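The values are calculated or read from the model by the stated rules, or taken from the named source; none is laboratory data. What you see is a predicted model; the values in this text were computed from it and never measured. Glycine gets a Cβ as well: all are built from the backbone with ideal geometry, and neighbour counts include every protein chain shown.
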Number of protein chains: 6
Amino acid sequence: MNAREKKIIAYHEVGHAIVTSVLPEANPVQKVSIISRGMAGGFTLSLPLEDQYLESRKMLLAEMSTMLGGRAAEEVMFSDITSGASNDIERVTKLARRMVTRLGMSEKLGPMVYGQKEELVFLGREISEQRDYSELVAQTIDDEVHQLVDSAYNTAKEILLKYKDKLIEISEKLLEVETLSKEEFDALFPTPNEKNQGIPYLDAI
Amino acid sequence: MNAREKKIIAYHEVGHAIVTSVLPEANPVQKVSIISRGMAGGFTLSLPLEDQYLESRKMLLAEMSTMLGGRAAEEVMFSDITSGASNDIERVTKLARRMVTRLGMSEKLGPMVYGQKEELVFLGREISEQRDYSELVAQTIDDEVHQLVDSAYNTAKEILLKYKDKLIEISEKLLEVETLSKEEFDALFPTPNEKNQGIPYLDAI
Amino acid sequence: MNAREKKIIAYHEVGHAIVTSVLPEANPVQKVSIISRGMAGGFTLSLPLEDQYLESRKMLLAEMSTMLGGRAAEEVMFSDITSGASNDIERVTKLARRMVTRLGMSEKLGPMVYGQKEELVFLGREISEQRDYSELVAQTIDDEVHQLVDSAYNTAKEILLKYKDKLIEISEKLLEVETLSKEEFDALFPTPNEKNQGIPYLDAI
Amino acid sequence: MNAREKKIIAYHEVGHAIVTSVLPEANPVQKVSIISRGMAGGFTLSLPLEDQYLESRKMLLAEMSTMLGGRAAEEVMFSDITSGASNDIERVTKLARRMVTRLGMSEKLGPMVYGQKEELVFLGREISEQRDYSELVAQTIDDEVHQLVDSAYNTAKEILLKYKDKLIEISEKLLEVETLSKEEFDALFPTPNEKNQGIPYLDAI
Amino acid sequence: MNAREKKIIAYHEVGHAIVTSVLPEANPVQKVSIISRGMAGGFTLSLPLEDQYLESRKMLLAEMSTMLGGRAAEEVMFSDITSGASNDIERVTKLARRMVTRLGMSEKLGPMVYGQKEELVFLGREISEQRDYSELVAQTIDDEVHQLVDSAYNTAKEILLKYKDKLIEISEKLLEVETLSKEEFDALFPTPNEKNQGIPYLDAI
Amino acid sequence: MNAREKKIIAYHEVGHAIVTSVLPEANPVQKVSIISRGMAGGFTLSLPLEDQYLESRKMLLAEMSTMLGGRAAEEVMFSDITSGASNDIERVTKLARRMVTRLGMSEKLGPMVYGQKEELVFLGREISEQRDYSELVAQTIDDEVHQLVDSAYNTAKEILLKYKDKLIEISEKLLEVETLSKEEFDALFPTPNEKNQGIPYLDAI
């Protein structure tokens, strides 16, 4: 990795970290690092506060914004975008698709499942998803998935524009020290008010 | 499962139970529980009064509303929906699709079968459903299936809005005791008048 | 099978029997029964008067109306329809499709064959029908098949509405005795005038 | 085969025989028979006067009209059509399709080939035709094929209407004797003037 | 092969030979023959003057016109076309398709490749071309291929109409002697002026 | 390879070399040669100045223009184009497609992935890309890919028109000496001002 790339990766990872630290339904940061791990040039670790069995629509939207925080940081800071976000955008696409086609979370498409999981048994074993709907439904699915992703990406960009000073400050710090622990990150980025709104819906009754 | 999730699951299960207890063509409740069983966080058991060989259109619509009672309870009570209904919406989709494509129960599509069951013989054995109709028919099938599901979902929501007080009362009780027997449930939710209308069509002649 | 279902099945079978006894090109009834046989709750047996090598368009239309006589009886008598007709509608769909795509019996689509029969040789043997036509032709095929089925179904319903008194009388009798022989059925339903018109086209020259 | 069917088959076979005896580019009759052979209820044999290496557009159109002469006879004589023509219409469809997609004989589609022949090698051997064109071309192919068949069918019907007296006379004779040799047929149906026009195009230069 | 067919084949082969002898970018004739070889009734041999590594757009267009010279001769001379051109039109289609989809030679579709070559590994080995573009692109490909073929065919017909006297003279000669060597052909058809224009583009700089 | 082809290849290779030497985000030339290597008639070698882990949108666009520099040189200099660019246009298509479908670099299609990578396990191993989107999205992907390629091609042509004198001078030199080292090429084509703009975006903050 050359120096330019190191810089891009630092901003990319801090982008993930800030977004997840701002959204109420997202998990808090545990660690941010630009030390390479496997295929990735860096990583940001965030974990839920307690065990989770159910995924709610709002939690999944927050997770999508967090995933796109890296690409959003590249776009907000530089006049170019890189292949560094390829894994993030693959995961975000799968998640948005699952919300729409398996979890019934698109109002337009209703509380239904689209596409059939099929097991094809040859010599090996393979699970394939068979499309069982019309072209018009395929188009609506694409629209809904695209809108979910766009909405999550815009949320990420808005947060990073609001906290652009912090993004620069923490990224430059990360370039120096290479890894920030939860405590170090929290010191640089104290939990903002909007995070503390909690998840209100269960107290509503 | 954390405390928030337990609460959601309780309302979800009581949603199933109330819907099936109101619709004349649906089966009566045997048991409601929020003790985890396999993949599910809770369950509601309902059984027919006598053996059944034939499924009528009205019975199947009532079954669909019952399946969607859990998701409907989440939407009616909270400002979010969860992945807890994923199994329900998969089953409801399959059932609606079967009514339209295998049982000839859509007036628009007529007393016909759509799609060919095919056995593909490789080394293993596999049954696959081959689409043998045009895009226009595929679109009509999607419309009809979507309308069946929407109609069943709306029925479920209307019932739960009408009995919202009962939904809260029984769910909070279930959170305390974790399991309600048929007798306990019946005591909390005496069979309403609309249930006793019976299935009139056989007496019509 | 519960008592309600027994009643539905009786009317269903007598529906088949009356339609085949009225249409000139259909085969006469041999036996009607509501004693279960395999998957079916009852059966109606009808056989041609002599060996048949050729199938004519008119004979096949009469066969389709007979197949749909069961479902038509359910609709005419009750305010609901059941899964009891699922096998009938599968057979009727195949037959209508064959008339249109293999026998050249749709005027719109002409004396042609649509779709190629292909043998795929893996380890086992399999015959599959490959679609070799455009979407527009697929749509025309669907329309023609649908119209054939609708027309056959309407014929069945008209006959049963005309003979509704007989349908009730014979069905109630069948519920008592469970099986009617050819002689018993003929006594209850003497061959109507319209049946005796014969198949005129061969005498026309 | 019952008596009615025997009658239909006789007219069907004589339909083939008369059409091929009228069209200049078609082959002369060798034999007509209503004695069953394999799957077929009867047969008409016609052979070219000399060996043939090339097939011309006009010859192939005449061959199509001859193939459809059986079905045309059924329609011209009776108010019904039968499954007896199923093999004829399958062959006529294949031929028309080959003219359009393999022999470049549709002016609209030009001197080109449509669809790729592919050999798929599994355990067995199989030749399959892969579609490699757009939906719009598929539609044009269908139109062109349909028009070729319709045109050939209309030619057959016009010939049989013109020679309806002969059709009846020869068919009734065939019902008596069951087989007509070339000489017997020629005696009943002397070569008409239009046949003797020959194939003019080679003498045109 | 009967006498009529021999005549058609002679004109067909001389059609190839004249077209390739007129177009500047096409190869000169080496031999023309109506002695059968394998499946073909005759053949025309033409070879490039020097080894060739690159194929240019203009050379390929000339090759297409040459391939279609046989069919063009049939159409120009007779009022019918034959199956004798089936191999030519198959090759011309493949070539035009390759120019458009593999060589980027359609201005409308740009310097791009369309469709992915894929190797499917079963027990045997097979190369298949996977379509990876939209229906709209498929339609544009079809249009472009069709236009290339039409343009090449029109060029061939124009040449043969211009040299119709030569076409008749040489074909009748060929019918007598059955084979013409390069020298014999050149004597009958001296290289026309338009051929000697050479391939100008490399001298243009 | 004949002399004409040698000339075309020289201009083709120098086309690659000049484009990569002008664009700021492209790699500098290491070697240019018209000595055949494997399937290719010549080659141009260019390498990045430092190791690269990330690919940016601008770098990839510059790489595409470089790939198309050969075809652009043919079009700019001669009135014909050749099959010599077939490998270049295959690579450029794949790259543009990857930018749009795997790297989320089309603004219209958003930070998403299109199409699912699937592993099909038969006897051998195969990776196939399954289309999981609607026809409308397929069309948008095609448009975006086409626009990327067109834009890259136009950039290449503009550069070569601007430096046409150099293109002729260096190509004619290459025809003489057959191989140019980095030093020899640099002497003939000193780095232009526009190259030295560097990659500005990382210094922008």
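Key figures for this structure:
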item: Residue that is farthest from residue C:10 (Cα to Cα), among those in the range C:45-65 that are in contact (Cβ under 8 Å) with a residue 12 or more places away in the chain and touching a strand residue (DSSP E or B) at 6+ places or on another chain (Cβ under 6 Å); result: C:56
item: Residue B:174, sole failed condition from (1) at pLDDT below 95; (2) more than 13 Å from chain A (Cβ to nearest Cβ); result: (1)
item: Conditions (1) in contact with a Ser or Thr (Cβ under 7 Å, 6 or more places away or on another chain); (2) modelled with pLDDT under 95: number failed by residue D:36; result: (1)
item: Filtered residues of the range E:23-70 (kept if within 14 Å of the chain's Cα centre (by Cα) and within 18 Å of residue E:173 (Cβ to Cβ)); result: E:29, E:43, E:44, E:45, E:69, E:70
item: Matching residues, the range B:25-44, being surrounded by fewer than 16 Cβ atoms within 10 Å (Cβ to Cβ) and free of Cβ contacts under 8 Å to residues at least 40 places away in the same chain; result: B:36, B:37, B:38
item: Hey, residue D:186 without any contact (Cβ under 8 Å) to a residue 60 or more places away in the chain and either in a helix (DSSP H, G or I) or on the phi > 0 side of the Ramachandran plot (or both) or not; result: no
item: Condition met for residue C:57 (away from chain D (no Cβ under 14 Å), surrounded by fewer than 24 Cβ atoms within 10 Å (Cβ to Cβ) and among the charged types (D, E, K, R)); result: no
item: Number of positions in the range B:166-182 that are free of Cβ contacts under 8 Å to residues at least 60 places away in the same chain and more than 20 Å from residue B:22 (Cα to Cα); result: 2
item: Every residue from the range A:60-77 that is more than 14 Å from chain B (Cβ to nearest Cβ) and farther than 17 Å from residue A:146 by Cβ; result: A:66, A:69, A:70, A:73, A:74, A:75, A:76, A:77
item: Index of the failed condition, residue B:51 passing every other in (1) over 24 Å from residue B:146 (Cα atoms); (2) away from chain C (no Cβ under 14 Å); result: (2)
item: Hits in the range C:78-99 (condition: within 8 Å of chain B (Cβ to nearest Cβ) and in contact with a Ser or Thr (Cβ under 8 Å, 6 or more places away or on another chain)); result: C:80, C:81, C:82, C:83
item: The range C:84-99 residues that are under 10 Å from residue C:148 (Cβ atoms) and among the small types (Gly, Ala, Ser), paired with ones that are buried (at least 21 other Cβ atoms within 10 Å of the Cβ) and modelled with pLDDT of 95 or more (beta carbon under 6 Å, 6 or more apart); result: C:96/C:145; C:96/C:148; C:96/C:149
item: Residues that are crowded, with 16+ Cβ neighbours inside 10 Å, modelled with pLDDT under 95 and not in a helix (DSSP H, G or I), drawn from the range B:189-202; result: B:199
item: Single unsatisfied condition, residue F:132 versus (1) out of contact with any Leu (no Cβ under 6 Å at 6 or more places or on another chain); (2) assigned to a helix (DSSP H, G or I); result: (2)
item: Selected residue (criterion: nearest to the chain's Cα centre (by Cα)) from residues of the range D:171-183 that are surrounded by fewer than 24 Cβ atoms within 10 Å (Cβ to Cβ) and in a helix (DSSP H, G or I); result: D:182
item: Neighbours by Cβ (under 8 Å, 6+ apart or cross-chain): first from the range D:149-165, within 12 Å of chain C (Cβ to nearest Cβ); second buried (at least 20 other Cβ atoms within 10 Å of the Cβ) and of a type in the set (S, T, N, Q); result: D:149/D:93; D:152/D:65; D:153/D:65; D:156/D:65; D:156/D:66
item: Top-ranked residue of the range E:72-102 - restricted to ones that are farther than 15 Å from residue D:104 by Cβ and among the basic types (Lys, Arg), ranked as surrounded by the most Cβ atoms within 10 Å (Cβ to Cβ); result: E:102
item: The one condition in (1) touching a strand residue (DSSP E or B) at 6+ places or on another chain (Cβ under 9 Å); (2) buried (at least 16 other Cβ atoms within 10 Å of the Cβ); (3) away from chain B (no Cβ under 14 Å) that residue A:19 fails to fulfil; result: (1)
